[in-house]
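Written below as structure tokens is the structure these notes are about.
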């Protein structure tokens, strides 16, 4: 196994060879430092038996000999035959004292020859070099009695670099490899012939100095070393979003954090994936993603996991929303939670809401419609966790958006009054498309819209002028898309439903609001009226009970309950809205739920 210091002194080409043997992914595009960590990580996860054989570094070969010896510096100018006596001299360090005289004699002619620039003197000294090459051969035969010590010494002298690798280097190998010839000459002249014991003691301190210097010159801090560094993040991260398909065929997964508008968190979806799985705008997709590559701006979707909670095989043959058969609501959404939450109890009694209801809350300003929406949303979230609840706030105050998001366990999508009308329209369109795709997959969806009047105003601002203007400044084509939004609410045959409860503003002093309300007046199948007189007297909920009701409520209520509600309506028909609400509140406060209240009517 290679350690980090061994890898750092190697060339980039050597590191790439090692990475290729280990099977490191994408090693060709990595820088040297990243490649070193990638090799170390791959070594850690690879079994020792399957690790490739360790190769010597090219830089190690250049600095193979000990830097304190003078013979290393003259390597370029001395013939090849001179290297052998150098190693044999090192081996004589532990020979008995009787051979010291011979070693002194052999050390005298060790003066290095002058550079090749002076060929005459080097030719004169060549016989001496041959003589030195012959003498160690004779010593080798005499010293056969101690072969083990010679081998160990040979190993130490041949591999001085490995000992330093584990403790850190104090030199740069490339500087050692290029040595000036003049420095070599002076270092040889100043060094006097000495015994092998002295030579051994000189080499030993040099290693100690290198060990002392290594901590200060080490560029790597072990504290910052990560235990496992993952360089390939493809498929590790999973994310989800709502698909918006662009005109060019590709799409993006939009995030709820940005109200399904364009953002830096968008995930790119290729046209091939859209065609392969039959994806549509509004599909809620969850899958594996990868980080953006060089030159890319967005994360990309690698693998589609689920679409609207279904597998890709299940959604491939789904029926489009426009071709689903609409029915009256048949399954009731229970709004009763606690005995003191009278708002939802009264709504549940006189204007019940079913799955697939198209309801409208007709409200004057300051009648408590936002609080009523909050309580309805919390009741649905508590009693029907299987329903996907979305609250769409168009042209509302920012503080109301924050309050709604914190007080309701639902998806809150907003476009506040300080945004442009184009943003209102785009947010509402994407929310509707998401709801349609979920209904196609058999889910029950509830959208609480506040308010449809302001959504119609936004469409009136955005729509191209048709030349036909209605009273109040409403374009003839402006209300088409808001009607399509509100008309999408339906109970679907064989599973799935879309419920929309929208608020409509009246008596605001604007002629446009009156025209918009009149256009939507007969389109809903449930209507809940709020009275400004009740809210002025601080009677909440400010519901006008005689003016509220649901079409085909017999499909949502059992026969006995419906008969008792009709009796109540007959009693309150002669009362004003204020008297009727006070009558109800007085009798409902002492009961735990609506069933107990209806039973108590006998008395």
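So here's what we get for this one:
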{"read-out": "Criterion (over 30 Å from the mean Cα position of the chain (by Cα) and surrounded by fewer than 17 Cβ atoms within 10 Å (Cβ to Cβ)) met by exactly one of 396, 382", "value": "382"}
{"read-out": "Every residue from the range 549-562 that is part of a helix (DSSP H, G or I) and surrounded by 12 or more Cβ atoms within 10 Å (Cβ to Cβ)", "value": "553, 555, 561, 562"}
{"read-out": "Test: residue in the range 559-576 that is in contact with a strand residue (DSSP E or B) (Cβ under 6 Å, 6 or more places away or on another chain) and in contact (Cβ under 8 Å) with a residue 12 or more places away in the chain", "value": "no"}
{"read-out": "Subset of the range 1-31 [over 25 Å from the mean Cα position of the chain (by Cα) and farther than 19 Å from residue 56 by Cβ]", "value": "23, 28"}
{"read-out": "Filter pass, residue 421 being closer than 25 Å to residue 362 by Cα, in contact with a helix residue (DSSP H, G or I) (Cβ under 9 Å, 6 or more places away or on another chain) and in the same structural domain as residue 513 (by the TED database)", "value": "yes"}
{"read-out": "Meets criteria (outside any strand (DSSP E or B) and within 53 Å of the chain's Cα centre (by Cα)) for residue 508", "value": "yes"}
{"read-out": "Hits in the range 18-36 - residues which are in contact (Cβ under 8 Å) with a residue 24 or more places away in the chain and over 13 Å from residue 1 (Cα atoms)", "value": "25, 26, 30, 34"}
{"read-out": "Filtered residues of the range 289-343 (kept if farther than 18 Å from residue 439 by Cβ, in contact (Cβ under 8 Å) with a residue 40 or more places away in the chain and not in a loop (DSSP other than H, G, I, E, B))", "value": "289, 290, 299, 301, 302, 303, 305, 332, 342, 343"}
{"read-out": "Criterion violated by residue 233 - all others in (1) modelled with pLDDT under 90; (2) in contact with a strand residue (DSSP E or B) (Cβ under 8 Å, 6 or more places away or on another chain); (3) surrounded by 15 or more Cβ atoms within 10 Å (Cβ to Cβ) satisfied", "value": "(3)"}
{"read-out": "Residues satisfying the stated conditions in the range 559-594, i.e. out of contact with any helix residue (DSSP H, G or I) (no Cβ under 9 Å at 6 or more places or on another chain) and within 15 Å of residue 344 (Cα to Cα)", "value": "592"}
{"read-out": "In the range 259-274, the residues that are surrounded by 15 or more Cβ atoms within 10 Å (Cβ to Cβ) and assigned to a helix (DSSP H, G or I)", "value": "273, 274"}
{"read-out": "Residues of the range 392-413 classified as under 23 Å from residue 356 (Cα atoms), touching a residue at least 24 places away in the same chain (Cβ under 8 Å) and touching a helix residue (DSSP H, G or I) at 6+ places or on another chain (Cβ under 6 Å), total", "value": "7"}
{"read-out": "Which listed residue is surrounded by 23 or more Cβ atoms within 10 Å (Cβ to Cβ) and either assigned by the TED database to the domain that holds residue 535 or at pLDDT 95 or above (or both), from 455, 349, 389, 430", "value": "455"}
{"read-out": "Residues of the range 481-495 classified as in a helix (DSSP H, G or I), touching a helix residue (DSSP H, G or I) at 6+ places or on another chain (Cβ under 9 Å) and touching a residue at least 60 places away in the same chain (Cβ under 8 Å), total", "value": "1"}
{"read-out": "One residue from 534, 528, 498 being in contact (Cβ under 8 Å) with a residue 24 or more places away in the chain, out of contact with any strand residue (DSSP E or B) (no Cβ under 6 Å at 6 or more places or on another chain) and either in the same structural domain as residue 446 (by the TED database) or in a strand (DSSP E or B) (or both)", "value": "534"}
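The values are calculated or read from the model by the stated rules, or taken from the named source; none is laboratory data. Keep in mind that this is a model prediction, so the values were computed, not measured. Here Cβ is always computed from backbone atoms with ideal geometry, including for glycine, and neighbour counts include all displayed protein chains.
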